[in-house]
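Report on one structure; see the data block that follows.
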């Protein structure tokens with residue numbers, strides 16, 4: 001089973017770009033995932049100073065997105081800075097997580113999104129069926145005017161965790177949150193969460209494959225396994 005290393009978050013108001021720094025060291029091969037909300041209709045781009053551009057998992061869902069970077073390069077503590085840029089001025093909320101033990105290539109498996117109006121609960125919809133042991137990462141945003149406390153739900157019967165720094169924002173800027181399941185049960189994923197006050201929710205979830213033996217051990221990589229072998233016959 002993979003592990004959660006750290007989650008960092010920020011809200012920056014009336015900007016066209018916002019940054020957040022990973023405060024722990026990044027080990028080569030780590031999976032980085034971020035839930036992003038910008039409170040104005042624009043187009044966002046996500047990158048970091050070590051790996052370059054990130055890949056969009058889903059979005060926009062009413063100005064909410066999820067981006068990820070698989071197989072990150074190594075970086076020292078405080079050495080990797082994530083930047084979100086927008087084409088318009090907005091309040092930008094970022095919640096960014098670091099995981100270890102997930103696939104280094106073709107990591108993203110399934111996604112789903114959902115919106116809920118005037119409710120204290122939300123779910124991310126249903127993914128297609130997945131195998132057991134995947135990371136399930138859900139992220140959401142709620143509208144301004146509410147200062148709510150979030151409670152993690154579950155996905156396909158497996159309890160989710162909202163990490164330290166996993167929620168960010170205020171009643172003025174709106175609020176965002178993330179939760180994760182480190183090892184899914186096999187089947188359809190349907191991440192859920194609840195809030196202490198009613199609001200309109202927008203968000204979704206992504207699932208990521210666990211690392212295989214080949215991911216974890218370069219000595220067992222296909223390049224080694226399929227290398228030509230030469231035989232010499234003594235005459």
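The criterion of being at pLDDT below 95 and under 25 Å from residue 200 (Cβ atoms) holds for residue 42. Residues of the stretch 149-166 that are crowded, with 19+ Cβ neighbours inside 10 Å and either more than 19 Å from residue 6 (Cα to Cα) or at pLDDT below 95 (or both): 153, 155, 156.
Please enumerate the residues belonging to the stretch 101-134 that are surrounded by 15 or more Cβ atoms within 10 Å (Cβ to Cβ) and farther than 19 Å from residue 153 by Cβ. Scanning the stretch 101-134 gives 101, 102, 103, 104, 107, 108, 109, 133.
If you take just the strands (runs of 3 or more DSSP E) that sit entirely in the stretch 149-217, which of them hold at least 2 residues that are closer than 13 Å to residue 127 by Cβ? Correct list: 192-208.
Scanning the stretch 167-199 for residues that are surrounded by fewer than 18 Cβ atoms within 10 Å (Cβ to Cβ), at pLDDT below 95 and over 24 Å from residue 6 (Cβ atoms) gives 171, 172, 196, 197, 198. Looking across the stretch 194-205, the residues that are closer than 10 Å to residue 142 by Cβ and within 16 Å of the chain's Cα centre (by Cα) come down to 202, 203. Exactly one residue out of 50, 36, 26 is surrounded by 23 or more Cβ atoms within 10 Å (Cβ to Cβ), more than 22 Å from residue 175 (Cα to Cα) and modelled with pLDDT of 95 or more, and it is 26. Could you grab me the full set of residues in the stretch 93-124 that are part of a loop (DSSP other than H, G, I, E, B) and either closer than 18 Å to residue 34 by Cβ or in contact with a strand residue (DSSP E or B) (Cβ under 8 Å, 6 or more places away or on another chain) (or both)? 101, 103, 107, 124, listed by residue number.
The values are calculated or read from the model by the stated rules, or taken from the named source; none is laboratory data. Keep in mind the model is a prediction, meaning the values are calculated, not measured. Note: ideal-geometry Cβ built from the backbone for every residue, glycine included; neighbour counts use all protein chains shown.
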